[in-house]
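Everything below concerns the one structure shown next.
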Amino acid sequence: MIPRRRIALRRDDLADWLRAWKEDTAFASEAIGAFEQVFADRIGARHALAVASGRDALTLIIDGLGLGAGDELIVPAYTLGELLPLLQKRGLRLVAADVDPRTFNVTPDSVRSRISANTRAILVLHAFGAPCDIRGLCALADSYHIPLIEDCAHAPGAMIGGRLTGSFGKAALFSLEATKAISSFGGGVVTTSDATLAETIATKVSSRPQGNCALRRIAFKWGEELLVRSPLYGPLARVLFSEKVAASFERFYRRTHSRVRSGDGAPQEAFSALQARLAQRRLKELETRNRRLNLLWQELADRLPENFQAQRRDSFGTPAFYNFVARFAGDTRRLRQAAHRRGIDLGIGSEVMDNVAPLLDTLDCPGVAELFASAVMIPLYDDMPRSRVERIVRTLEILQHEAA
Ligand SMILES: *Cc1c(COP(=O)(O)O)cnc(C)c1O
């Protein structure tokens, strides 16, 4: 079975993990400070703050900007649905801006049509690493004196006109989750050039307890990854991703994962020195990684059969790599099932991002409706050999007619 994604298992991570057991925490704040400095310099922002997760980064920005009950926040209609409850819990009114089904991103026009007298901030995403029209969007936000927040969870290293994503808006959030480009097995970063906002967030996170969440999460992810690489995975995936089992398996997986993430409802833990070390190492390799995966992405995109259409990723700059997602003109459910039978994991549908427009009662979002109904994730990951690209292309060629 060719898995949808794989995370890199590295000996030096394991060595760091073992060392962290007996580490003297006196040096922790130094290691974290060093990482934050390198990150800020790299992105081109004045401040970077390492926090518990991408979600944590987003809510710290929202709270730091003083947004609360009754304020309106414009969000992309195509994004991670799990972000919504965090924002709604604060009493924010969320309004979805439609996306262009070719780029998967919001546009200045789609955002402009959602601005009202109550709009207090705009959240935009660089979907799957493809830069959105961030300059057009910032100009729009500036003209209304509304702060713009960049969700860079998919896009560390993406460039627009020589500047990196995460340096354009009032603030940006990054995720250091195991599946993201810079992994510290959980964690997140806020970047901003606003000294007051940086100070507010720094004060909040400085009182958090040191925990062992990174240790727990590395153990969990390594276990999961070793299973994906074992011969057991093929037969197991066929059962777990089958139509009868998939939905309940996913609920179980999400519950387990969220328990490992947060330590069962415990308060957010401080970013640790171990995480700083892991993330800093991957940050160093980010450019090489993006270059290699963008080439592989292009190779796959160029050879996709005619019923597939890859995301348009270079409309506004140089993309970073996250996942390969394409639109399929046919029955995506049948395509996924047929692909599983032939040993290619195209997921079960809910792993690609969500159409949040209906959840927010924003009805006129035709772009996201079209995109969401046709999106499929195609395997492409760190150390994928070229021979697999070949096999994927040939299989999709056959399957597209079966699932037409
Ligand atoms: C992963 C992700 C986040 C949040 O990251 P976590 O570290 O998992 O909390 C935010 N936005 C998008 C679009 C993401 O994919």
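We did not get these values from a lab; they are worked out from the coordinates using the rules stated. What you are looking at is a predicted structure, and each value in this text was computed from that prediction instead of being measured. So basically every Cβ, Gly included, is an ideal-geometry build from the backbone, and we count neighbours across all protein chains shown.
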Check your understanding: What's the percent breakdown of Cα-Cα distances in the range 231-389 across 5 Å bins, shortest bin first?
Key -> 1, 7, 12, 15, 17, 17, 16, 11, 4, 0
Point to revise | Bins of 5 Å, starting at 0 and running to the largest distance - Cα pair percent for the range 195-294 | key: 2, 10, 11, 15, 17, 16, 15, 9, 4, 2, 1
Review point. Across all directions of projection, what mean area in square nanometres is found for the Cα convex hull of the chain?
Key: 18.6 nm²
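Taking Cα pairs under 8 Å and at least six residues apart, what relative contact order does the chain come out at, in percent?
24 percent.
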Point to revise | Inter-probe distance in nm under a simple model that places probes 7 Å from Cα toward Cβ, at residue 295 and residue 163 | key: 3.0 nm
Exercise for review: For an R0 of 41 angstrom, estimate the FRET efficiency from the Cβ-Cβ distance between residue 233 and residue 207 and round to the nearest 0.05.
Suggested key: 0.45
Point to revise | Distance in nm between pseudo-label sites at residue 258 and residue 286 (7 Å out along the Cβ direction from Cα) | key: 2.9 nm
Point to revise | Average Cα contact separation per residue, the range 258-327, under 8 Å, 6 or more apart, as relative contact order % | key: 24 percent
Review point. Magnitude of the Cβ-charge dipole of the range 79-139, K/R +1 and D/E -1, about the Cα centre, nearest 20 debye?
Key: 300 debye
**Study point:** Karplus (6.51, -1.76, 1.60) ³J(HN,Hα), θ = phi - 60°, over the range 173-190, in Hz, Gly and Pro reported as x
**Key:** 10, 10, 10, 10, 5, 4, 8, 8, 5, 10, 9, 10, 6, x, x, x, 9, 9
Review point. Full extension from residue 363 to residue 350: what is 0.36 nm times the residue separation minus their Cα-Cα distance, to one decimal in nm?
Key: 2.6 nm
Review point. So in the chain, what percent of DSSP beta bridges are antiparallel if you round to the nearest 5?
Key: 60 percent
Review point. If you bin every alpha carbon distance in the range 134-273 into 10 Å steps from zero, what whole percent lands in each bin?
Key: 10, 28, 29, 21, 10, 1
Review point. Just how many % of Cα pairs in the range 3-112 lie over 24 Å apart, if you round to the nearest whole percent?
Key: 52 percent
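Taking only the Cα atoms of the range 313-396, how large is their convex hull per residue, in Å³? Let's see the in-between values first.
Values: hull volume 11.0 nm³, N = 84.
Expressed per residue, the convex hull around the Cα atoms of the range 313-396 is 131 Å³.
In the chain, which helices (entire DSSP H runs) extend 20 Å or more along their own long axis, judged by Cα positions, while averaging at least -0.5 on the Kyte-Doolittle scale?
Values: long enough: 28-43 (23 Å, 0.39); 213-229 (24 Å, 0.19); 246-262 (24 Å, -1.19); 286-303 (26 Å, -1.10); 386-402 (25 Å, -0.69).
Sorted by number, the helices that extend far enough and score high enough are 28-43, 213-229.
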Review point. Using a simple charge model, +1 on the beta-carbon of Lys and Arg, -1 on the beta-carbon of Asp and Glu, nothing else, what dipole does the chain show about its Cα centre, in debye to the nearest 20?
Key: 1100 debye
